[in-house]
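Report on one structure; see the data block that follows.
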Amino acid sequence: MKRSEGFLVFSILFTSIVFVIFRTPFIIYMGLFYALVFYLNNEGIRERGIETDAQTILGMLLIIIAPLFLFVKIGKYTSPSAFHALFLAGLSLVFFEIEGDRMPLGILTMEWSIALISKTKGFNILVSWLSKRFVDVTSYLVGGLIDIFKVPIFINGNVAVVRDSIIIVGSGCSGLDAFILYLLASTLLIALRKPDKNEAMLLLLGALGIIPLNAVRIFSLLVIGYYSGISFLELFHSHLGDLMFVAYVSLYWWWATGIKKKEDSVPSENYE
């Protein structure tokens with residue numbers, strides 16, 4: 001097994017262990033995102049010998065510094081995500097040349113930066129404001145679906161009454177995280193495919209579909225709760241969104257990336 005292949009397996013296992021211990025969804029998102037980018041760049045990644053040069057020293061420093069983020073609080077909390085990113089980045093610098101590893105290192109740099117910025121007051125205010133806007137739009141769309149399908153569920157703002165239970169569409173149900181994740185994944189796809197402007201625009205515009213998709217998810221959960229009981233709503237709540245997200249992204253990307261192929265396959269008319 002090549003060193004890069006072994007490192008890829010290690011990064012996935014390491015990400016899984018850190019996620020199980022700290023239960024931070026951002027770690028699993030960015031860890032799998034990093035693993036995907038590393039895999040797609042595998043051919044260009046070159047191994048390097050262990051030398052006492054600046055790159056190795058920097059890598060070792062990152063490995064040593066990384067665990068500090070599990071104990072030192074930034075604001076009110078520690079940062080397992082910063083630990084995850086810096087530890088993998090340090091190992092990568094020690095074992096591989098930077099030239100072929102720039103994009104995977106860029107993902108880890110982004111994870112580390114977001115992890116630290118997210119601890120600031122300004123960032124939390126921005127995320128809170130965006131989450132509320134997403135909740136407002138989603139709740140409005142859910143209300144529209146309830147009216148269209150004549151389901152006997154009452155909803156006022158972000159509060160729904162399902163039989164004798166009150167369901168609140170909170171910030172955790174806003175869909176903002178899926179929206180951002182889609183944009184990141186689409187940006188990666190564009191960087192790898194290098195499509196024309198029309199295809200790139202289509203891929204990015206797909207993020208707008210996340211909002212009605214989330215509304216359909218919440219509407220479906222409310223319907224499940226009404227007809228099958230709140231216990232079933234809670235059962236499906238954890239995984240229905242993930243399945244719908246993967247299905248939507250797969251189908252939309254297949255459609256968006258296939259348009260150009262269809263246009264190229266249509267024979268042009270020759271009027272000569």
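The values are calculated or read from the model by the stated rules, or taken from the named source; none is laboratory data. Fair warning: this is a prediction, and the values are worked out from it, not measured in the lab. Every residue, glycine among them, receives a Cβ derived from its backbone with ideal geometry; neighbour counts consider all protein chains shown. Surface accessibility is based on the protein's heavy atoms, side chains included, excluding ligands, DNA and RNA. Shrake-Rupley method; radii C 1.70, N 1.55, O 1.52, S 1.80 Å.
Which FRET efficiency, nearest 0.05, do ILE28 and ASP164 yield, Cβ-Cβ r, R0 51 Å?
Once the sixth-power term is evaluated, E becomes 0.90.
Can you list the residues, at least 5 places off or on another chain, whose amide H is less than 5 Å from the amide H of VAL162, using H built in the peptide plane?
Those lying under 5 Å, H to H, from VAL162 are ILE167.
Taking the structure as given and computing P(r) over Cα pairs in 5 Å bins from 0, in percent, which label from [x] 1, 5, 10, 12, 14, 14, 13, 11, 8, 5, 4, 2, 1, 0, 0, 0; [y] 1, 6, 12, 16, 18, 17, 13, 9, 5, 2, 0, 0; [z] 1, 5, 11, 14, 15, 14, 10, 6, 4, 3, 2, 3, 3, 3, 3, 2, 1, 1, 0, 0 fits?
Given [x] 1, 5, 10, 12, 14, 14, 13, 11, 8, 5, 4, 2, 1, 0, 0, 0; [y] 1, 6, 12, 16, 18, 17, 13, 9, 5, 2, 0, 0; [z] 1, 5, 11, 14, 15, 14, 10, 6, 4, 3, 2, 3, 3, 3, 3, 2, 1, 1, 0, 0, the structure-derived one carries the label [x].
Starting from the Cα of SER128, step 7 Å toward the Cβ, then list every residue of the range 152-172 with an amide N under 19 Å from that point.
158, 169-172
Residue by residue, what Karplus-based ³J(HN,Hα) values in Hz, rounded to whole numbers, does the range 148-156 have, using 6.51, -1.76 and 1.60 with θ = phi - 60° and x for Gly and Pro?
Running phi through 6.51 cos²θ - 1.76 cosθ + 1.60 with θ = phi - 60° gives 5, 8, 6, 7, x, 10, 9, 9, 10 Hz.
Could you run the Karplus curve 6.51 cos²θ - 1.76 cosθ + 1.60 with θ = phi - 60° over the range 69-80 and give me ³J(HN,Hα) per residue in whole Hz, x for Gly and Pro?
6, 8, 10, 7, 7, 10, x, 9, 10, 7, 9, x
So, with a 1.4 angstrom probe, what is the percent of accessible area on the chain that is carbon and sulfur?
For the chain, the apolar C and S fraction of the accessible surface comes to 68 percent.
For the range 1-62, with every protein chain kept in place, what is the accessible area per residue (1.4 Å probe, Å²)?
60 Å²
In whole Hz, with x marking every Gly and Pro, tabulate ³J(HN,Hα) for the range 81-87 from phi via Karplus 6.51 cos²θ - 1.76 cosθ + 1.60, θ = phi - 60°.
5, 5, 4, 4, 5, 5, 5
Remind me, relative contact order of the range 31-148 in percent, using alpha carbon pairs under 8 angstrom and six or more residues apart?
Taking the mean separation of contacting Cα pairs over the length of the range 31-148, I get 29 percent.
Kindly report the accessible area of the range 82-121 per residue (heavy atoms of protein chains, probe 1.4 Å, no ligands, DNA or RNA), in Å².
Roughly 39 Å² per residue, with all protein chains present.
Determine the calculated [θ] at 222 nm for the chain from helices alone, applying -39500 (n - 2.57) to every DSSP H run no shorter than 4 residues and normalising by the residue count; nearest 500 deg cm²/dmol.
-23500 deg cm²/dmol
Please give the net charge around PRO25, taking every other residue with its beta carbon less than 15 angstrom from that of PRO25, where Lys and Arg add +1 and Asp and Glu add -1.
Taking every other residue near PRO25 into account, the sum is -2.
Calculated FRET efficiency, ASN156 and ILE259, Cβ-Cβ r, R0 45 Å, to nearest 0.05?
0.60
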